[in-house]
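Encoded as structure tokens, here's the structure I'll be asking about.
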Amino acid sequence: MADLLSDEEIAERLPEDWERDGDEITRTYEFDSYLEGVGFASGAAGLAEEAFHHPELTINYAEVEVRLTTHDAGGITENDTDLAARFDELHD
């Protein structure tokens, strides 16, 4: 099981444009169309599966909200911040 990050470690490792919301980190990605968002969500799901991680993905018109936490650790771990960075790469 991954170790929880301290508040200081979370602040240091949190990628740009991500926010902390309690025991989760979140970001909403914006797109020009619904299908672009669905495509991103599909790619994000593939990256998450490779990492044995299961984020909450909410698809709305032209945006996808992502919420990451490590449930079995009870909060935010390096697995979350690493996957957040990979999602940013996918989006760019």
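All of the numbers you see were taken from the coordinates with simple rules; none came from a lab. For clarity, every value in this text was computed on a predicted model and none was experimentally measured. For neighbour counting, all protein chains shown are included, and Cβ atoms are generated from backbone atoms with ideal geometry for every residue, glycine included.
Please specify each residue of segment 1-46 satisfying the condition of being more than 19 Å from His91 (Cα to Cα) and β-branched (Val, Ile, Thr).
Ile10
Still on this model: Would you point out which residue out of Glu63, Glu56, Glu36, Glu8 is under 13 Å from the mean Cα position of the chain (by Cα) and of a type in the set (Asp, Glu)?
Answer to the selection: Glu56.
On the given criteria, is Asp17 surrounded by fewer than 13 Cβ atoms within 10 Å (Cβ to Cβ), on the phi > 0 side of the Ramachandran plot and either of a type outside the set (A, V, I, L, M, F, W, C) or in contact (Cβ under 8 Å) with a residue 60 or more places away in the chain (or both)? Explain how you work it out, then say what you get.
Values: surrounded by fewer than 13 Cβ atoms within 10 Å (Cβ to Cβ): yes; on the phi > 0 side of the Ramachandran plot: yes; either of a type outside the set (A, V, I, L, M, F, W, C) or in contact (Cβ under 8 Å) with a residue 60 or more places away in the chain (or both): yes.
So Asp17 passes the test.
Continuing with this model, one more query. Can you confirm whether Glu65 is among the charged types (D, E, K, R) and without any contact (Cβ under 8 Å) to a residue 12 or more places away in the chain?
When the stated conditions are applied, Glu65 does not pass them.
When residues of segment 22-33 are filtered for being under 22 Å from Asp72 (Cα atoms) and over 12 Å from the mean Cα position of the chain (by Cα), how many remain? Quick ask: steps written out before the conclusion?
Initial filter on segment 22-33 (under 22 Å from Asp72 (Cα atoms)): 22-27.
Filter once more, so that each one left must be over 12 Å from the mean Cα position of the chain (by Cα): 22-23.
Residues in segment 22-33 being under 22 Å from Asp72 (Cα atoms) and over 12 Å from the mean Cα position of the chain (by Cα): 2 in total.
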